[in-house]
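K.L.:
Here it is, the structure, as structure tokens.
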There are 4 protein chains.
Amino acid sequence: MIILIQCKDQVGLVASVSAILAEAQLNIVSMREHVDQDDNQFFARLEVSNGHYGPELEEKLRGALPPDAFININPLPQKKVMLLVTKEYHCLADILIRNHFGTLGATVLGVIGNHTVLQDICDRFDMPFFHISHEDWSKEEFETKITGIIEQHSPDYIVLAKFMRILSPALVAKFPSRIINIHHSFLPAFIGANPYKKAFERGVKLIGATAHFVSNELDEGPIIAQQIIPVNHSFTAASMVKAGKEIETSVLAKALKMVFEDRVFVYRNKTVVFE
Amino acid sequence: MIILIQCKDQVGLVASVSAILAEAQLNIVSMREHVDQDDNQFFARLEVSNGHYGPELEEKLRGALPPDAFININPLPQKKVMLLVTKEYHCLADILIRNHFGTLGATVLGVIGNHTVLQDICDRFDMPFFHISHEDWSKEEFETKITGIIEQHSPDYIVLAKFMRILSPALVAKFPSRIINIHHSFLPAFIGANPYKKAFERGVKLIGATAHFVSNELDEGPIIAQQIIPVNHSFTAASMVKAGKEIETSVLAKALKMVFEDRVFVYRNKTVVFE
Amino acid sequence: MIILIQCKDQVGLVASVSAILAEAQLNIVSMREHVDQDDNQFFARLEVSNGHYGPELEEKLRGALPPDAFININPLPQKKVMLLVTKEYHCLADILIRNHFGTLGATVLGVIGNHTVLQDICDRFDMPFFHISHEDWSKEEFETKITGIIEQHSPDYIVLAKFMRILSPALVAKFPSRIINIHHSFLPAFIGANPYKKAFERGVKLIGATAHFVSNELDEGPIIAQQIIPVNHSFTAASMVKAGKEIETSVLAKALKMVFEDRVFVYRNKTVVFE
Amino acid sequence: MIILIQCKDQVGLVASVSAILAEAQLNIVSMREHVDQDDNQFFARLEVSNGHYGPELEEKLRGALPPDAFININPLPQKKVMLLVTKEYHCLADILIRNHFGTLGATVLGVIGNHTVLQDICDRFDMPFFHISHEDWSKEEFETKITGIIEQHSPDYIVLAKFMRILSPALVAKFPSRIINIHHSFLPAFIGANPYKKAFERGVKLIGATAHFVSNELDEGPIIAQQIIPVNHSFTAASMVKAGKEIETSVLAKALKMVFEDRVFVYRNKTVVFE
């Protein structure tokens, strides 16, 4: 069982929480705790085993913590995810494969695409695909349709697996800290479009990718994971794009693993990730 | 203040410890806890701030933990270190520089060398250098002299900074889990002499280095840190040696940082490192 | 166009080759040359553009080089590959996805499995799957059947994508330097079975994977690519296996890319890889 | 012997060069050639052995290449370097150690500091130290004095080993592609002052360092080498600074190695680095 707690810090929080767990004969087999002393925020992730507990456990914890504490006790029902895609297959295929073989740590409910090229790969995995073209509708109608499909499925998270449209503040506001994007640069370098072209022109010796929660500032949301790979003079902008796909796939997979294993807290446009 | 605890696991350890800290108004700003469930061992590292505490804190903790618990409350006096070297300068120089500028996290008391080539660099940093030649004495006498100098200085740790002699079980037994060695391969590959030559002949695509505590099995002690660098066909055995020195310096520096910051527990020929 | 040359070294080889190319108005846009001075072997990879050339080019090159020189002028017909698998999906699925989307750099002709669990994923990509159970036949018959299917398809390379049976010298000898295996450790550490269990017991701080050509010494063939990932005390042998799959997939993908892009030479149980 | 050539590309350059070398019985043991096809630029680095050659070799090569070709034939006299520093010791100490033990690949002639704190470490290595305070003089006078000392020593390269003053265009123009700086971020992220503070505030999961030639755009010169290290929520801006020093030291060492081994070409605000 995993217990997540985030709240205003004060002396004695670990003592209160661990006393309740000990009383229930629950053994803490792994614990990570962090206090952001600038912000006076307390974060903890506990893996506990053995013991007996029921709904009263959360109630007891809540009684011992500040009133607005965030508490999350797993096992939740398996997390559910909707994917948004455009034309690039690499992140989508990686997620579909993991979902198919039961190693994603979540269940993919369906895929929304603003093009049809990725319908075929979804069909091969019996995965529902919803085509909403951004060309057939105004931006507002386009987003209303997307929101409708998402809300119909009630996912826990929405993953932009190379979805190449910018979402409006209205849509983002509906799913705070629940939309995860993969950006094809090591942010904050190369914000916005064509990062590989910019990287090529700048002559950088490494390129990267960043998985982050989506906020209303373009590519400015809380970063979950970043990785880089070395490049050199023999790379063109096109071969950087190709090499970059590998790292995009890998860093998105890692970020999703962290999120689905309940290792990520969001605050102040940052994350705490207990790896 | 850092508190380290290692003991037999049981339900309620975190509760007992944290209640004592809360009572003393000590705030836990960072905590790492791990239970080895195979071995039923409990490990915890707590960074606490504020509050007041005196010698009674350790007493109270001891009262709440199993009888043979390991407890370590810092600030200790600054850790003290003796270095053993042979002819290669790279690890020694890195440590001397950090020691000189106060960023090592420990104090180097002196350097014992079985050759004299590194006396000059020690002199430049006003660092005592003790020359004990392995050629002038029997192995037993050689080690008796080394042990004598070490014991005279009472170091917390002994660092083999490219010391190319194998220590006898008798000497190792005097300093259990207190002798740190840097081995020039990613163990367990290439145990023993000439690892780079073996790596070259095998045609590996990466070489590495391993910092470990010394036990009585050659290159078999508990591993603290390991790193690798890529190599390719253009490397000779000699250029692997040269490239390897960089990674040896770096991995020993990292291992010492972990040890000096009280992040390393030893058990069952393994380590727990709370990075 | 890519030109590969491997032969005994002598003064003037680059001059002879490049004179022939210049005469044909071919421009060398990228060239890598390496001489193994211990072994007196010459290796070169040239990317050339423009100009006109026909079958006489290879003839001219052959005339200018030592009699037993290896010369390979691309574009060949697209390379063809057979895969051998057992039960683990991760490497297979990665290759099938790349094959499906045309980014593998080769064509997968079919998959041979000694279990049936991976038939379904092959079916989903319309990929022929041949089930040859090692339990239904003697080792000799088992390999005769596998060899038969392979020879029927005439692949350029055979990829052991987590095939958990050891091939006999007779089978290996049929396809020299054409069988590529992924081994789940950074060789030469942890040769043979259960490397993650051994890694866990040794308490290593990094685990890895190695892609290599298969020779008749178990896990001793020429290494093409190796990568590692960090691990720590929180890993069990089982979670090392899981983490290792990521690196196995990645390192096999990289090795295949190098091989399919004609960047790999084999000699003396080693490889030259012009990345 | 190393031969470097950079010039306008045309068909037959390799043939011309290699014919001249073959005629002199020089064997090319390693060769890297690259053509930037956008820019029509040819770059080559050749390591040759054996044979006899004199001053006529360069003359012959010059006759075979376009008129404004850059040709550099080593062994040159050992490269000479001046260092500029402020207060941070880490890059300076690393370079002084390598210089002292003869492994830098160049000779350090002296150190100019705008503070006096690093005089002591220079004295310990008998290294001339020149104190020019930026506070005692106008910027113009300050730079005139620095330029005077540099010109008196005639270095091949000037290394800004954490020199925290921005050089004027006039000074930079005197030493084109000869001033090497270490910047404490993975450019182009966090250009300018306080990159670690910005990195901390942005919540990035990796920080880096960049070694580059100095041009007249702040932090915009040709990049030679870049590296990163992972960070997380437990880092403060101050601990990022500390961790960053390790990577700054390492990346500057690598860039200097590349430059001193004649592996770096500069063009179009980029570099070609034949590693």
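K.L.:
Considering only the label points, 7 Å along Cα→Cβ from Cα, what distances in nm to one decimal separate A:Gly63 from the same position in each other copy, shortest first?
P.N.:
Here the equivalent label points are 2.7, 9.7, 9.9 nm apart from this one.
K.L.:
Does anyone have the angle between helix B:13-23 and the longest principal axis of chain B? Alpha-carbon axes, 0 to 90°, nearest 10?
P.N.:
Helix B:13-23 sits roughly 70 degrees off the main axis of chain B.
K.L.:
Can you check what the Kirkwood hydrodynamic radius comes to for the protein assembly as shown, Cα pairs only, in Å to one decimal?
P.N.:
32.1 Å
K.L.:
When each copy gets a label point 7 Å from Cα toward the beta-carbon at A:Ser168, what are the spacings between them in nm, shortest first?
P.N.:
5.5, 7.0, 8.3
K.L.:
Another one. How much of the DSSP bridge set in the protein assembly as shown is antiparallel, in percent, rounded to the nearest 5?
P.N.:
Taking every DSSP beta bridge within the protein assembly as shown, about 70 percent pair in antiparallel fashion.
K.L.:
Something else now. Please compute, for the alpha-carbon atoms of the stretch B:147-217, the extent along each of the three principal axes and give them in descending order in Å.
P.N.:
Each principal axis gives a Cα extent; for the stretch B:147-217 these are 46, 18, 17 Å.
K.L.:
Could I get the Rg over Rh figure for the stretch D:234-275? Both from C-alpha atoms, Rh via Kirkwood, rounded to two places.
P.N.:
Using only Cα positions, Rg/Rh for the stretch D:234-275 is 1.20.
K.L.:
Whose amide H sits under 5 Å from the amide H of D:Val29, counting only residues 5 or more places off or on another chain, with H placed in the peptide plane?
P.N.:
Excluding prolines and chain starts, which carry no amide H, the hits are D:Glu47, D:Val48, D:Ser49.
K.L.:
In C, who owns the beta-carbon nearest the axis carrying C over to A, and how many Å from it?
P.N.:
C:Arg124, 2
K.L.:
How much accessible area does A:Val29 have with a 1.4 Å probe, in Å² rounded to the nearest 10?
P.N.:
10 Å²
K.L.:
Under the classification rounded if a/c is under 1.5, otherwise prolate if a/b is larger than b/c and oblate if not, where does the stretch A:127-176 fall, given a ≥ b ≥ c as square roots of the Cα gyration tensor eigenvalues?
P.N.:
In terms of gyration-tensor shape, rounded.
K.L.:
In 10 Å bins starting at 0, how do the alpha-carbon pair distances of chain D split up by percent?
P.N.:
6, 26, 31, 23, 12, 3, 0
K.L.:
Next question. Would you mind giving the total buried accessible surface between chains C and A, with a 1.4 Å probe and ligands, DNA and RNA left out, rounded to the nearest 100 Å²?
P.N.:
Buried surface at the C/A interface: approximately 1500 Å².
K.L.:
Please state the relative contact order of the stretch B:1-71 as a whole percent: Cα pairs under 8 Å, 6+ residues apart?
P.N.:
47 percent
K.L.:
What are the nm distances, shortest first, from A:Glu201 to its equivalents in the other copies, labels at 7 Å along Cα→Cβ?
P.N.:
2.7, 5.4, 5.8
K.L.:
So how tilted is helix C:237-260 from the main axis of chain C? Cα-based, degrees 0 to 90, rounded to 10.
P.N.:
20 degrees
K.L.:
What's the average, rounded to a whole number, of partner chain beta-carbon atoms within 10 Å of each residue's beta-carbon in C:4-16?
P.N.:
That average works out to 4.
K.L.:
Working from the pairwise distances between different alpha carbons, so that the mean of 1/r is found and then inverted, what is the stretch C:209-254's Kirkwood radius in Å?
P.N.:
Kirkwood hydrodynamic radius for the stretch C:209-254: 11.7 Å.
K.L.:
What is the average number of partner chain Cβ atoms found within 10 Å of a Cβ in D:241-247?
P.N.:
Per-residue shielding by partner chains comes out at 1.
K.L.:
Please report the net charge: other residues with Cβ closer than 14 Å to the Cβ of D:Leu187, K and R +1, D and E -1.
P.N.:
Net charge around D:Leu187: 0.
K.L.:
Which value in deg cm²/dmol, rounded to the nearest 500, describes the helix-derived mean residue ellipticity at 222 nm for chain A, given -39,500 (n - 2.57) per DSSP H run of n ≥ 4 and division by the residue count?
P.N.:
The helix-only estimate for chain A comes to -10000 deg cm²/dmol at 222 nm.
K.L.:
With contacts defined as alpha carbon pairs under 8 Å and 6 or more residues apart, what's the relative contact order of chain D in percent?
P.N.:
The normalised contact order for chain D reaches 15 percent.
K.L.:
What are the semi-axes of the equivalent ellipsoid for the stretch A:26-176, taken as the square roots of 5 times the Cα gyration tensor eigenvalues, largest first, in whole Å?
P.N.:
They are 37, 20, 14 Å, listed from largest to smallest.
K.L.:
To the nearest 10 degrees, how steeply does helix C:139-153 sit against the main Cα axis of chain C, on a 0 to 90 scale?
P.N.:
Between helix and principal axis, roughly 40 degrees.
K.L.:
Give me the net charge of B:Asn27's neighbourhood, meaning all other residues with Cβ under 12 Å from the Cβ of B:Asn27; Lys, Arg count +1, Asp, Glu -1.
P.N.:
The answer is -3.
K.L.:
Return the average number of partner chain Cβ atoms within 10 angstrom of each residue Cβ along peptide A:229-238.
P.N.:
Partner-chain Cβ atoms within 10 Å, mean over residues of A:229-238: 4.
K.L.:
Which value, to two decimals, describes the C-alpha radius of gyration of the stretch B:181-275 once divided by 2.2 N^0.38 Å?
P.N.:
1.09
K.L.:
Only protein chains counted, 1.4 angstrom probe. Which residues of the stretch A:18-65 are at least 40 Å² less accessible in the assembly than when their chain is isolated?
P.N.:
Those residues are A:Asn27, A:Ile28, A:Val29, A:Met31, A:Arg32, A:Glu33, A:His34, A:Gln37.
K.L.:
With a cut-off of at most 11 other beta carbons within 10 Å, and DSSP calling the residue loop, which trypsin sites (Lys or Arg not before Pro) in the stretch B:1-80 qualify? Please list them.
P.N.:
Here no loop site has a sparse enough neighbourhood.
K.L.:
Let me ask something else about it. Going by amide H atoms built from the backbone, whose H comes under 5 Å of the H on D:Phe186, apart from near neighbours?
P.N.:
Placed amide hydrogens put D:Gly208, D:Ala209 under 5 Å from D:Phe186.
K.L.:
Quick one: the Cα spread of the stretch A:2-73 along its three principal axes, in angstroms, biggest first?
P.N.:
Principal extents (Cα only, largest first): 37, 23, 18 Å.
K.L.:
Classify the stretch C:114-273 from the C-alpha gyration tensor, please: rounded if a/c falls under 1.5, else prolate or oblate depending on whether a/b exceeds b/c.
P.N.:
Prolate is the answer for the stretch C:114-273, as a/c is 1.5 or above and a/b outweighs b/c.
The values are calculated or read from the model by the stated rules, or taken from the named source; none is laboratory data. What you see is a predicted model; the values in this text were computed from it and never measured. We place every Cβ from the backbone using ideal geometry, glycine too, and count neighbours over all the protein chains shown. For the accessible areas, the whole protein counts, side chains as well, though only heavy atoms, and no ligand, DNA or RNA atoms are used. Shrake-Rupley method; radii C 1.70, N 1.55, O 1.52, S 1.80 Å.
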